[in-house]
1. Direction-averaged shadow area of the convex hull around the Cα atoms of segment 280-430, nm²?
2. How far apart, in nanometres, would the label points at R426 and T303 be if each is projected 7 angstrom from Cα along the Cα-to-Cβ direction?
3. Which whole-number percent of Cα pairs in segment 320-407 have a distance greater than 15 Å?
4. Can you compute log10 of I(q)/I(0) for segment 36-104 with the Debye formula, treating each Cα as one identical point scatterer, at q = 0.12, 0.29 Å⁻¹?
5. Could you work out what % of the accessible surface of the chain is carbon and sulfur, using a 1.4 angstrom probe and leaving DNA, RNA and ligands out of the count?
6. Using 5 Å bins from zero, what percent of all Cα-Cα pairs in segment 160-247 falls into each bin?
7. Grab the Cα-Cα distance for A242 and H182, subtract it from 0.36 nm times how many residues apart they are, and report the gain in nm with one decimal.
8. Label D264 and A154 with points 7 Å out from Cα along Cα→Cβ: what is the distance between them in nm?
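The values are calculated or read from the model by the stated rules, or taken from the named source; none is laboratory data. Computed from a predicted structure; not experimentally measured. No Cβ is skipped: glycine too gets one built from the backbone with ideal geometry, and neighbour counts run over all protein chains shown. Quick note on the areas: whole protein, heavy atoms, side chains included, nothing else; ligands and nucleic acids left out. Shrake-Rupley method; radii C 1.70, N 1.55, O 1.52, S 1.80 Å.
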Amino acid sequence: MEPLADLPVSTLDIPAKTTVVVIGAGIAGLSAALTLIERGIPVCVLDKGRIGAEQSGRNLGWVRKTSRAPADVPLAQAADRLWAAMPARIGSDCGYRQAGILFVTRSRKQMAVYEDWLKAVAPLDLGARALSPSEIDHLVPGGTGGWIGGLHTASDGRAEPSMACAALARAVLAKGGQIVEHCSVRTLSTAAGKVSGVVTERGEIACDQVILAAGLWSRRFLGNLGVFLPALPLICSVLRTAPMEGPCETAVGGPDFSFRKRLDGGFTITQRGRLDAPLTPDHLRLGLRYLPVLRTQKGAVQTGLGRHFLNELLSETRWRDGRITPFERCRIMDPPVNAGLNAEALAALRKAWPVFEKARTAAAWAGMIDVTPDSDPVIDSVARLPGLTVATGFSGHGFGTGPAAGQLAADLATGAVPLVDPAPYRFSRF
């Protein structure tokens, strides 16, 4: 992955007690912690590995409302406001730029999907609109893709994953919060039927509330507590180019590529049309729940049976407090890059915008995504474990809504007025 910029030095020792423990130092967990500490609520963030080292530091950096489920758009709108205010709030630039996002297509069927989405979100006044081929050429000049149309939202934007988590972590520490890296949470402790603390590999921390924002590890953590969360893994491979002149500041998604401008002058590129789906034992347990989405996105995932299946098969699903857990055996999930998919993306992009013939790959990485059956997250309190709130399952598009998702989780954990209606993110929908 890309190294995080100016990564802060985390707290060395765990506290004996605090008010809220946040599990996971990604964008959602850090945003929750920032919200809490600004409200005067003591908080400690624990991560089995490093700050922003998994999905939050490996994603594309898109901050979008476009093509989200209509019920998910209010959270994205709230996130836009939080991203824009972040420099003043934390004293650091996260790379947020409201430069717009454009999706282009050669398919009339896909264009109809875009038009249906526009109708569904019309009451939300996003400023999104369908573009003609000539309007696409004006917005992103130099193209030869033969697009029949597109979907553009000027109020969408981008931020820099390599900057954002580090900046949020510095702010949490500066405002009095605690962050402890390389400290996995093994399980929860309870008293009188509610959460009373967390059991870590370094000892126990007493607390009143826990926010679980552990990404792809959340299913396993909850499973050990007897709480069911459906989620399956996907792997996205990404490349970044060396600094170069490009066609526009707008991020663009095509059928088999996407690109967005970076602050360092390069571009982040991926094969938007295909992702790797490493088969796991969970596919046998959960596969039927994903059939509807697989039917609508046929060909978008390529499955494979390999080492990941064996690793998952041999990995514990239940453990006791004192045992080494899967979280300590794998501090950072670092899947292999699919160089073939990256090559496909770059080749398709060069055909669509020949200026990318000049592109030279400076780095490549991959990230593992936890995907729910409806591709929306769970941000909810756990009824059977009072004191536990979950913010996970962001399905590859949680970076953009991360600041709002974290604040919503903090609201729910502390009984504050929710930032947005949390109903779309309830556990009960599964």
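1. Projected area, direction-averaged: 12.8 nm².
2. It is 3.2 nm.
3. Details: 2907 of 3828 pairs.
Everything past 15 Å amounts to 76 percent.
4. Result of the Debye calculation: -0.47, -1.25.
5. Carbon plus sulfur share of accessible area: 55 percent.
6. Reading upward from the zero bin: 3, 9, 14, 18, 17, 14, 11, 6, 4, 3, 2, 0, 0.
7. 18.4 nm
8. 3.2 nm
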